[in-house]
């Protein structure tokens, strides 16, 4: 149930409504919008008469949310969430670019890529320290040493750091070094992990599962939000279909669909969606055009020697060209991707 207050509602009136809802046994979550306060009341009470809340002082409107995801629902927060990570705002007018290697391999590789993407306008450095691989014999990442290199590179080139957490046991270490914790597609419904991530204060990027519906994806986000962590962004990275000409099938429809249903920012990962270097840039262009709040791509200084996902990693010069192209598209739809290098900022 959602309670929308009148613009002139006083704090005492709002607190009184919250107390009444708590007395009825609801779990109450408050959201303050631009001009109004909205309260979400969570609880299964089929016989509850919402008019008992409607008549309280300060209340403008009360209605039930029929979808199972309550806190992720746009009705709970109509204006949309903007996540501020060290001054980088995700979900606002700027389309934020995240770029870096699939896996951290060594300091030389990471620093070369980080410097290049920073100079070309990326705000966030991506890179895997812990790598979930299909084969147990593939490169599994550098672990904590990789986390330390990511932090060092982020600090050196003025970049926010995002990296994946695979297990509950890794949360503390990853949170120590990273600014954003990524939940991979394979862990989208790892509910014990999601619950624990709801208890921390770092932003979470939740990737869509390999065959997850939009509702299942939003319900996974609900686990994190229900734990108290409101800084959640979603990442569309392609889903598994019968088509095998690309690694996955990017659900371009999901971006406007999610924006309609939810207030959470949506990032698109064209590298994992296509799995083919030459297709990454065209799909990135499409993602910006349809309204993605951010793009995450893999870049490697020598993709032929990459220890993970070389065929889908952009060459540095391809990343430079992509930035030029998506910047023009962002401007055409009234958004922006600043051309100024991170390194040149005062």
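The values are calculated or read from the model by the stated rules, or taken from the named source; none is laboratory data. The shown structure was predicted, so the numbers you read here are calculated from the model rather than taken from an experiment. Please note: Cβ atoms are built from the backbone with ideal geometry, for glycine as well, and neighbour counts cover all protein chains shown.
Points worth noting:
- Every residue from the range 171-205 that is part of a strand (DSSP E or B) and touching a helix residue (DSSP H, G or I) at 6+ places or on another chain (Cβ under 8 Å): 181, 183, 204
- In the range 268-278 there is at least one residue matching the filter, namely being in a loop (DSSP other than H, G, I, E, B) and surrounded by 18 or more Cβ atoms within 10 Å (Cβ to Cβ).
- Among residues of the range 155-170, those that are in a helix (DSSP H, G or I) and either free of Cβ contacts under 8 Å to residues at least 12 places away in the same chain or crowded, with 24+ Cβ neighbours inside 10 Å (or both), counted: 2
- Flag for residue 46 being assigned to a loop (DSSP other than H, G, I, E, B), in contact with a helix residue (DSSP H, G or I) (Cβ under 8 Å, 6 or more places away or on another chain) and not assigned by TED's automatic domain parsing to the domain that holds residue 142: no
- Scanning the range 210-221 for residues that are out of contact with any strand residue (DSSP E or B) (no Cβ under 8 Å at 6 or more places or on another chain) and either surrounded by 16 or more Cβ atoms within 10 Å (Cβ to Cβ) or free of Cβ contacts under 8 Å to residues at least 60 places away in the same chain (or both) gives 213, 214, 216, 219.
- Given (1) without any contact (Cβ under 8 Å) to a residue 24 or more places away in the chain; (2) within 28 Å of residue 82 (Cα to Cα); (3) in contact with a strand residue (DSSP E or B) (Cβ under 8 Å, 6 or more places away or on another chain), index of the condition residue 12 fails: (3)
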